[in-house]
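A quick write-up on the structure given underneath.
The values are calculated or read from the model by the stated rules, or taken from the named source; none is laboratory data. These numbers were taken from a predicted model, which means no experiment stands behind them. In this analysis, Cβ positions are derived from the backbone assuming ideal geometry, glycine residues included, and neighbour counts consider all displayed protein chains. Remember, those area values only see protein heavy atoms, side chains included, never the ligands or the DNA or RNA. Shrake-Rupley method; radii C 1.70, N 1.55, O 1.52, S 1.80 Å.
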Amino acid sequence: MRIILLSWLFFITFSTNFFGIPMILASGQCQSDQQFLLLQMKNSLIFDSTKSVRLVRWNQSIDCCTWRGVDCDMAGHVIGLDLSEESIDGGIDNSTGLFELQHLRSLNLAFNLFYESQIPSRLANLTNLVYLNLSEAGFGGEIPIEISCMTRLNPFFCRKFKTAGVLGPLNERLV
């Protein structure tokens, strides 16, 4: 019995690597409030639907834990969000559902078009965030002091950021 189980594990791993068959990792079914917040965020963003590979495919009829760019835990909470290279234009409106995703641990907004808009101080509401990537996203101005209070956040990727002020305690955590 043990040999059969090991054979299956080997076959699945070999198949996914050799034939490019995607392996789906188990995650919980998306909770309705999490899906609502993601759709609220999507609807408040301006993005080029011809260049988007993730946001453009998000819709209410599909479990949000299966959406590209979204990672969930077993309870169905959104814990990871990758919106890099989604051609998001302008800024992140403070009224979006993004800042209400209390279980979020990883956020990637790199390589977007925020046109030197200020990094929202409400990012500090995401108290479980351990990874934040804003590299070449086009943010500018001062980095809000509230972000320096995010003790779990390490590292903070912010390449090619146009700063207008002193970074203070955040300086040693910038990559």
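With respect to ALA124, determine if the residue is modelled with pLDDT of 85 or more and touching an Asp or Glu at 6+ places or on another chain (Cβ under 8 Å). Steps first, please.
Numbers: modelled with pLDDT of 85 or more: yes; touching an Asp or Glu at 6+ places or on another chain (Cβ under 8 Å): yes.
Criteria met by ALA124.
Test of understanding: among GLN60, GLN102, which residue is in contact with a Ser or Thr (Cβ under 9 Å, 6 or more places away or on another chain), open to solvent by 70 Å² or more (accessible area, probe 1.4 Å) and not basic (Lys, Arg)? Spell out how you get there, then give the answer.
Working: GLN60 fails: in contact with a Ser or Thr (Cβ under 9 Å, 6 or more places away or on another chain).
Result of the check over GLN60, GLN102: GLN102.
Show the residue pairs that are 6+ apart or on different chains and have beta-carbon atoms under 9 Å apart, the first residue being within region 36-49 and under 9 Å from THR96 (Cα atoms), the second being in a strand (DSSP E or B) and open to solvent by less than 30 Å² (accessible area, probe 1.4 Å).
Close Cβ pairs satisfying both conditions: LEU37/VAL78; LEU38/VAL70; LEU38/VAL78; LEU38/LEU81; MET41/LEU81; LEU45/ILE88.
Would you call GLY138 more than 20 Å from LEU153 (Cβ to Cβ), buried (at least 16 other Cβ atoms within 10 Å of the Cβ) and out of contact with any strand residue (DSSP E or B) (no Cβ under 9 Å at 6 or more places or on another chain)? Explain how you work it out, then say what you get.
Numbers: more than 20 Å from LEU153 (Cβ to Cβ): yes; buried (at least 16 other Cβ atoms within 10 Å of the Cβ): yes; out of contact with any strand residue (DSSP E or B) (no Cβ under 9 Å at 6 or more places or on another chain): no.
No.
Residues LEU170, LEU109: which one is of a type in the set (A, V, I, L, M), open to solvent by less than 50 Å² (accessible area, probe 1.4 Å) and modelled with pLDDT of 90 or more? Explain how you work it out, then say what you get.
Values: LEU170 fails: modelled with pLDDT of 90 or more.
That would be LEU109, the only listed residue that is of a type in the set (A, V, I, L, M), open to solvent by less than 50 Å² (accessible area, probe 1.4 Å) and modelled with pLDDT of 90 or more.
Hey, among the residues in region 39-68 that are small (Gly, Ala, Ser) and more than 15 Å from the chain's Cα centre (by Cα), which one's nearest to ASN112 (Cα to Cα)? Write out each step before concluding.
Here is the first cut: in region 39-68, the residues small (Gly, Ala, Ser) are 44, 49, 52, 61.
Imposing the further condition that a residue be more than 15 Å from the chain's Cα centre (by Cα) reduces the set to 44, 49, 61.
Details: SER44: 15, SER49: 13, SER61: 27 Å.
Filtering first and then ranking leaves SER49.
How about region 63-83: which of its residues are open to solvent by 10 Å² or more (accessible area, probe 1.4 Å) and part of a loop (DSSP other than H, G, I, E, B)?
ASP63, TRP67, ARG68, GLY69, ASP73, MET74, ALA75, HIS77
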